[in-house]
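A short worksheet on the structure shown next.
The values are calculated or read from the model by the stated rules, or taken from the named source; none is laboratory data. Remember, predicted model here, so these are calculated numbers, not experimental data. Here Cβ is always computed from backbone atoms with ideal geometry, including for glycine, and neighbour counts include all displayed protein chains.
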C-alpha cells in the first residue's frame, strides 16, 4: 500500500512522492505526453523522504517543453 506524502509541480508536470512498505518512492507525470518513455519516471527504494524529494525535484527540473512545429 502506498501513501501520498508530498507533491511537487511546475509548468511542465508534477511528481508525487509516496511512502510504501520498503521506503519512499516518486512518480513523475508530465502535462504533455513524452515522445520517449523515461526509465526514471517512477523510482522506489529511497530510505528517506528527503532523498526521494531531492530525486523527484531533479526529475521535474529535467522535463522539457516540446516545441511544436509551425505549418506553412
* Structure fact -> Scanning segment 16-27 residue by residue, those assigned to a strand (DSSP E or B) and out of contact with any strand residue (DSSP E or B) (no Cβ under 6 Å at 6 or more places or on another chain) turn out to be 20
* Got at least one residue in segment 3-15 being under 13 Å from residue 59 (Cα atoms) and assigned to a loop (DSSP other than H, G, I, E, B)? -> yes
* Spot the failing condition for residue 27; the list is (1) closer than 14 Å to residue 2 by Cα; (2) within 10 Å of the chain's Cα centre (by Cα); (3) modelled with pLDDT under 90, and only one is missed. => (3)
* Structure fact -> Scanning segment 28-51 residue by residue, those under 13 Å from residue 63 (Cβ atoms) and either part of a strand (DSSP E or B) or in contact with a helix residue (DSSP H, G or I) (Cβ under 9 Å, 6 or more places away or on another chain) (or both) turn out to be 28, 29, 30, 34, 38, 40, 41
